[in-house]
Amino acid sequence: MALALVQPPVFSLPPMNFTKSRRCCRCSYTLERTNDSPSSPPTTSSTCRPAVILPGLGNNTGDYQKLTLILKEYGIPTVVAKVSRIDWLRNAAGLLDPNYWQGTLRPRPVLDWYLKRIDEAVNEAKELAQGANISLVGHSAGGWLARVYLQEFEPSDISLLLTLGTPHLPPPKGVSGVIDQTRGLLDYVEQHCAKAVYTPELRYVCVAGRYLKGARLIGSSNNDGSAVMVDIDQPVADIAVMNGTTESTPAAATLRARFVGQGYKQVCGQADVWGDGVVPEISAHLEGALNISLDGVYHSPVGSEDATRPWYGSPSIVEQWIHHLVN
């Protein structure tokens, strides 16, 4: 794969400023507040599919408790796949597979334990669905593992896969200093899993965050290393990039950007790109999906703060993609 990656089209979301009610231009439903309190989430006038949240690498079920409560307040029944932090140590079994050392590792059987947790959560959601379809919401690695699940288990009642900061694309080959940390897993996903589509039967929606632009480790960069700070009095989709105030000096800010940039480089082969602090924006999008980028969004619920460093599941950010979970 060449370094010159082609970025899929990005669709900018309109600000979701809810007054009494608002009809989304992309969906045939109306969001209404339950009362006049500005903190009350909208309710929906149509049926919501149950959602299954799939934790990202290193995360556990409890990390998504707040997101679960937010979705339920919107009227969306929610199940989180049961994953503990210690469960991720099961992946060490891949070290015994020769394919790991050759960079040609496959998701199965190494990740069978996670696929089983997805299936268990989907079956639990089916009981809530009462014959309706189900949405999968995959955070980080949970997004591409959802694609493996769709390929391997072939469920017939999934009508939406929404990914949040998922590194979908394998790192480019032949780039100096880049090591495939998935040891071939994302190559397998790209080659063997179904391509992304956006159809009434099955919709792929990929959400990427633009929290921090990385910088090269050596050499000049136009990036000053500042984070995107979120003013909670404004809709996130309208916020411009502003200088961060958390770093004490410009040098410290640049050091941070260079450090984050090295992480981006391992994922997409380039350091000086925008991303959510962990996953580059370009890697979180898929050709054929509805691709969305949101300013000021941090990658993980761990280390996030709703006011100054919101992540994909913070209330102000959920408002930007919640309508995709409603029929």
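Could you grab me the full set of residues in the range 151-169 that are in contact with a His (Cβ under 9 Å, 6 or more places away or on another chain), part of a strand (DSSP E or B) and polar (S, T, N, Q)?
The one that is in contact with a His (Cβ under 9 Å, 6 or more places away or on another chain), part of a strand (DSSP E or B) and polar (S, T, N, Q): Thr163.
Pick from the range 51-104 the residues that are open to solvent by 10 Å² or more (accessible area, probe 1.4 Å), among the aliphatic types (A, V, I, L, M) and part of a helix (DSSP H, G or I): which of them is farthest from Ser314 (Cα to Cα)?
Leu96
Pairs, please: C-beta under 6 Å, at least 6 apart or cross-chain, first residue more than 20 Å from Pro55 (Cβ to Cβ) and open to solvent by 10 Å² or more (accessible area, probe 1.4 Å) and in the range 292-305, second part of a loop (DSSP other than H, G, I, E, B) and modelled with pLDDT under 95?
Filtered contacts from the range 292-305: Asp295/Val228; Asp295/Ile239.
Please work out if Val228 is at pLDDT 95 or above and of a type outside the set (Phe, Trp, Tyr). Working first, answer last.
On the way: at pLDDT 95 or above: no; of a type outside the set (Phe, Trp, Tyr): yes.
Spelling it out, it is not the case that Val228 is at pLDDT 95 or above and of a type outside the set (Phe, Trp, Tyr).
Out of all the residues in the range 191-221, which are closer than 17 Å to Glu154 by Cβ and part of a strand (DSSP E or B)?
Tyr204
For the range 251-278, what are the residues that are open to solvent by less than 10 Å² (accessible area, probe 1.4 Å) and within 28 Å of Gln65 (Cβ to Cβ)?
Correct list: Gly275, Asp276.
How many residues are farther than 20 Å from Pro50 by Cα, open to solvent by 40 Å² or more (accessible area, probe 1.4 Å) and either in contact with a His (Cβ under 7 Å, 6 or more places away or on another chain) or acidic (Asp, Glu) (or both) if we restrict to the range 306-327?
Qualifying residue count for the region: 1.
Suppose we filter the range 168-194 for residues that are over 16 Å from Leu136 (Cα atoms) and either in contact (Cβ under 8 Å) with a residue 60 or more places away in the chain or aromatic (Phe, Trp, Tyr) (or both); how many remain?
18
Kindly establish whether Val110 is crowded, with 24+ Cβ neighbours inside 10 Å and not in a helix (DSSP H, G or I). I'd like the intermediate steps shown before the answer.
On the way: crowded, with 24+ Cβ neighbours inside 10 Å: no; not in a helix (DSSP H, G or I): yes.
Considered against the rule, which asks whether it is crowded, with 24+ Cβ neighbours inside 10 Å and not in a helix (DSSP H, G or I), Val110 comes out as no.
Hey, does the range 50-68 have a residue that's farther than 20 Å from Pro301 by Cα and at pLDDT below 60?
No - not one qualifying residue is present in the range 50-68.
The values are calculated or read from the model by the stated rules, or taken from the named source; none is laboratory data. Here the structure is a predicted model, which is why all the values come from computation and not from measurement. All Cβ positions, glycine included, derive from the backbone under ideal geometry; neighbour counts span all protein chains shown. What goes into the accessible areas is simple: the full protein's heavy atoms, side chains included, and nothing from ligands, DNA or RNA. Shrake-Rupley method; radii C 1.70, N 1.55, O 1.52, S 1.80 Å.
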